[in-house]
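Trainee: What follows is a single structure, and I will ask about it in a moment.
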Amino acid sequence: MKAVDNLFNTLKSRGYTQKDVAEKIGTSKQNIGRIISNGDMKVSQFHEICESFQISANDLMLQEVIYVDPLADREESILVKLERERAKVTELTAEIEKCKGQASAIEYLENTIKDKNDIIELLKSKNS
């Protein structure tokens, strides 16, 4: 990986956009886009960006910077959370179905009791 690629990957991993870089060094976002696409820039621009964002130019030129996509962890985290929420919904759905079954049983028992009470009242009224 070239030093220019290392520089822009480092900036991206720190959350800076092409617009941020352009504003900091007084150029257009389109110019920064061209630099990234071509992977080529003036040494003075390279050093200016490094100084502006407190990045060691020597480190970028001498060693490979490992780029970690900050969104990858967030995307994985979101997927894990969604999976957990899906499991909760499944669990709650099962509980609701169980409650519906219990509600039906309760309603049946209430109707049975009402029927028995009606029969008792009927028998009482005939005996009186």
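The values are calculated or read from the model by the stated rules, or taken from the named source; none is laboratory data. These numbers come from a predicted model, not from an experiment. Ideal geometry is used to build each Cβ from the backbone, glycine not excepted, and the neighbour counts take in all protein chains shown.
Trainee: Regarding LEU82, is this residue farther than 19 Å from VAL4 by Cα and either modelled with pLDDT under 85 or assigned to a loop (DSSP other than H, G, I, E, B) (or both)? Give the derivation first.
Mentor: Details: farther than 19 Å from VAL4 by Cα: yes; either modelled with pLDDT under 85 or assigned to a loop (DSSP other than H, G, I, E, B) (or both): yes.
Answer is yes for this residue.
Trainee: Let me ask you something else. For LYS12, state whether it is in a helix (DSSP H, G or I), in contact (Cβ under 8 Å) with a residue 40 or more places away in the chain and surrounded by 13 or more Cβ atoms within 10 Å (Cβ to Cβ). Don't jump to the end; show me each part of the working.
Mentor: Numbers: in a helix (DSSP H, G or I): yes; in contact (Cβ under 8 Å) with a residue 40 or more places away in the chain: yes; surrounded by 13 or more Cβ atoms within 10 Å (Cβ to Cβ): yes.
Criteria met by LYS12.
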